[in-house]
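Below is one structure, written out as structure tokens; comments come after it.
The values are calculated or read from the model by the stated rules, or taken from the named source; none is laboratory data. Bear in mind that the values here come from a model prediction, so they are computed numbers and not experimental data. Glycine gets a Cβ as well: all are built from the backbone with ideal geometry, and neighbour counts include every protein chain shown. Accessible surface areas use protein heavy atoms only, side chains included; no ligands, DNA or RNA. Shrake-Rupley method; radii C 1.70, N 1.55, O 1.52, S 1.80 Å.
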Amino acid sequence: MIVGDHAVIRAADLDDSPLLHRLYDVSKPRSFLLGPSREVLIPTRDELQEVLSRKDLLSGVFFVVEDKQGELRGCCSLRGVTSSAFFSEMAVALVDEADYATPLADEVMDFIRYGGFHERKLRKLMGHCLDREARYREFLVRHGFVSNGVQREMVYALGRYFDLESLSLFRDAADDALQEEAG
Amino acid sequence: MTDEPRFTLRRTERLDLDTIIEWLDDPAFLAFLHGDPTRAPKQLRQHLAAMLAYAAAPMMSGGGFYIIDSDRHGPVGLASLQSIGWRNQNCEFDLCLTEPARAQGLDTACLHGVIGYCFDDLNLHRVSRPVPAPDSEAVLRMEGTGAKREAVLRRHGLRDGTRVDMYLYGLLRSEYRRPAAADRGD
């Protein structure tokens, strides 16, 4: 468990499924919900419980985010991490999108960057956002992510296509930014 | 009617295994299939057999490997259709031709064969293809289909031991510039 000034980040647990299920809202498509073929996946509560019971799958890749009062505020993940990969897809999904502008979200990004670049020795983190996720995009850019481009009409939901933007952050750029912050 | 050879895709089957093993002498195929050159032949065969079994999944699968077949030349290469999203109606594809097919200049016709299969047979709305930035011929061929360079993934691919940028091309069905000889309905 990582206890910060604003956030508590810990491994996801079976008991988290009722609250996590709030994130899987079909009326609010978000990049976090996209599966391997970039389709919006909405698991049932039973499926979510099944996944959360698989410690072998989730260990070290899927975490929940709570505030200091113990209320669940979202989750974060590093996907597709293998020993031969040099990059990983990251995602931060907060229940209230206004939270992306808060110090709580900044602490989650610090955690993701440390886990990706220093613990797993990755060279690049990649993030994705749909064209409706303006606040999430601002959050990624504020933390140094640079746009790679936009895949047009990539995701179908709510009766229309959404564009999917890909952004990336290299380890050397992240380290430079941290050094600048430190003065 | 046209005198041009026609190219179409069919799912791989175990009978294709020997043909594909022959193709593996070509370094381009090894790279395409993500083969590790240090792998023993037995390991490689096992890997391919597993891949072909996966590709032989039902039609509504998430993708796999397909033989590119020509009415005039027979099997000329492999196409990979990955991450087929039936709700999104899109997929990511790539292809690799045999050395004789490349020498005969069949690259563009095969590319259209793969794209035509995605749009006309699978009824997809969009296809995308990652192309290594240094591969200028593949870049030109993709742009000739009407595809747009939608993203540049920096230092994303591995080519001859070096990290290279990858261009991500996207092509909507409405934008597809079909070759004149590709009217498959006649």
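Name the residues whose placed amide hydrogens come within less than 5 Å of the amide hydrogen of residue A:89, ignoring near sequence neighbours (fewer than 5 apart) on the same chain.
So residue A:89 has HN proximity to A:79, A:126.
Which whole-number percentage describes the relative contact order of chain A, with Cα contacts under 8 Å and a sequence gap of 6 or more?
Values: 290 pairs, mean separation 34.9, N = 183.
Normalised by residue count, the contact order of chain A is 19 percent.
Suppose only helical runs count, i.e. DSSP H with n ≥ 4. What mean residue ellipticity at 222 nm does that imply for the protein assembly as shown under -39500 (n - 2.57) per run, divided by all residues and rounded to the nearest 500 deg cm²/dmol? Please report the intermediate quantities before stating the final value.
On the way: 12 runs with 100 residues, N = 369.
Theoretical 222 nm ellipticity from helices: -7500 deg cm²/dmol.
I need the phi-derived Karplus couplings for region B:94-110: 6.51 cos²θ - 1.76 cosθ + 1.60, θ = phi - 60°, integer Hz, Gly and Pro marked x.
8, 8, 9, 9, 5, 4, x, 5, 5, 5, 7, x, 8, 4, 5, 5, 5
So what is the relative contact order for region B:101-186, in percent, with contacts set as C-alpha pairs under 8 Å and at least six apart? The partial results should precede the final answer.
On the way: 104 pairs, mean separation 26.0, N = 86.
Here the relative contact order equals 30 percent.
Please average, across the residues of A:147-158, the number of beta carbons from any other chain that are within 10 Å of each residue's own beta carbon, and give a whole number. Each step should come with its number before you reach the end.
Numbers: counts 2, 9, 9, 5, 10, 8, 9, 8, 4, 8, 2, 0.
Per residue, the number of nearby Cβ atoms from other chains is 6 on average.
Under 1.5 on a/c is rounded, so check that first for region B:7-175, then, if it is not, pick prolate when a/b is larger than b/c and oblate when it is not; a ≥ b ≥ c are the square roots of the alpha carbon gyration tensor eigenvalues.
Values: a/c = 1.42, a/b = 1.17, b/c = 1.22.
Judged from the Cα gyration tensor, region B:7-175 comes out rounded (a/c under 1.5).
Going toward the positive end of the dipole of the protein assembly as shown, with +1 on Lys and Arg Cβ and -1 on Asp and Glu Cβ, which of A:77, A:63, B:62 do you reach last?
My answer, from the dipole projection, is B:62.
Among A:147, A:27, A:168, which one shows the highest mean-square fluctuation when chain A is modelled as a Gaussian network with alpha-carbon springs under 10 Å?
A:27
Carbon and sulfur atoms: what percent of the 1.4 Å accessible area of the protein assembly as shown do they account for?
On the way: 9250 of 18150 Å².
In the protein assembly as shown, the share of accessible area belonging to carbon and sulfur is 51 percent.
Quick one: the Cα spread of the protein assembly as shown along its three principal axes, in angstroms, biggest first?
In descending order, the Cα extents are 73, 46, 42 Å.
Could you give the C-alpha radius of gyration of region A:1-109 expressed as a fraction of 2.2 N^0.38 Å, taking N as the number of residues it contains? Show your work: numbers first, answer last.
Numbers: Rg = 13.6 Å, N = 109, 2.2 N^0.38 = 13.1 Å.
The value comes to 1.04.
Rounded to the nearest 0.05, what FRET efficiency do residue A:59 and residue A:142 give with R0 = 25 Å and r taken as the Cβ-Cβ distance? Could you check?
Numbers: r = 29 Å, r/R0 = 1.18.
The value I calculate is 0.25.
Ballpark to the nearest 100 Å², how much total accessible area do B and A bury together, probe 1.4 Å? Mind showing how you got there, number by number?
Values: alone 10380 and 9920 Å², together 18150 Å².
Chains B and A together bury approximately 2200 Å².
Out of residues 5 or more away from residue A:163 or on other chains, whose amide H comes under 5 Å of its own, with H placed 1.01 Å from N in the peptide plane?
A:131, A:153, A:154
So, in nm, how far is label residue B:24 from label residue B:87 when the simple model puts each one 7 Å beyond its Cα toward the Cβ?
With each label point 7 Å from Cα toward Cβ, the separation is 3.7 nm.
For residue A:4, list long-range residues whose amide hydrogen, built 1.01 Å from N in the peptide plane, is under 5 Å from its own amide hydrogen.
A:9
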